[in-house]
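Shown next, in structure tokens, is the structure this report addresses.
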Amino acid sequence: MHVETLSIRISKAERAALRARARQEKVSQGQLVRQALRAYGVAPKRQPALSAYATNPKYMEGFGR
């Protein structure tokens, strides 16, 4: 999974609330924000499954020769 960093501006009160809630839930602040994003409906699109060509050894015979 490729990870990127997002910087946001929040008030001191919001930061304190985020820290307290993360501590209460026993998760990182970042994990709590990611959970909130998913709950709000912001989620990455699912990656398509690998095709048989990528996973079946039969299709890899002679590859790279």
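The values are calculated or read from the model by the stated rules, or taken from the named source; none is laboratory data. Because the structure is a prediction, the values reported are computed rather than measured. Cβ: placed from backbone, ideal geometry, glycine included. Neighbour counts: every protein chain shown.
List of remarks:
- The set of residues in the range 26-41 that are in a loop (DSSP other than H, G, I, E, B) and either of a type in the set (D, E, K, R) or at pLDDT 95 or above (or both) comprises LYS26, VAL27, SER28.
- Contact map, the range 5-20: first residue touching a residue at least 12 places away in the same chain (Cβ under 8 Å), second residue outside any helix (DSSP H, G or I), Cβ cut-off under 9 Å, separation 6 or more or different chains; pairs are LEU18/ILE10.
- Restricting attention to the range 4-37, the residues that are surrounded by 11 or more Cβ atoms within 10 Å (Cβ to Cβ) and among the basic types (Lys, Arg) total 5.
- Qualifying positions in the range 45-56 - modelled with pLDDT under 75 and part of a loop (DSSP other than H, G, I, E, B): ARG46, GLN47, PRO48, ALA49, LEU50, SER51, ASN56
So that you can scan it fast, the table gives a plain yes or no per residue for (1) in a helix (DSSP H, G or I); (2) at pLDDT 95 or above; (3) touching a His at 6+ places or on another chain (Cβ under 9 Å):
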| site | (1), (2), (3) |
| --- | --- |
| ARG15 | yes, yes, no |
| GLN24 | yes, yes, no |
| ALA43 | no, no, no |
| LYS58 | yes, no, no |
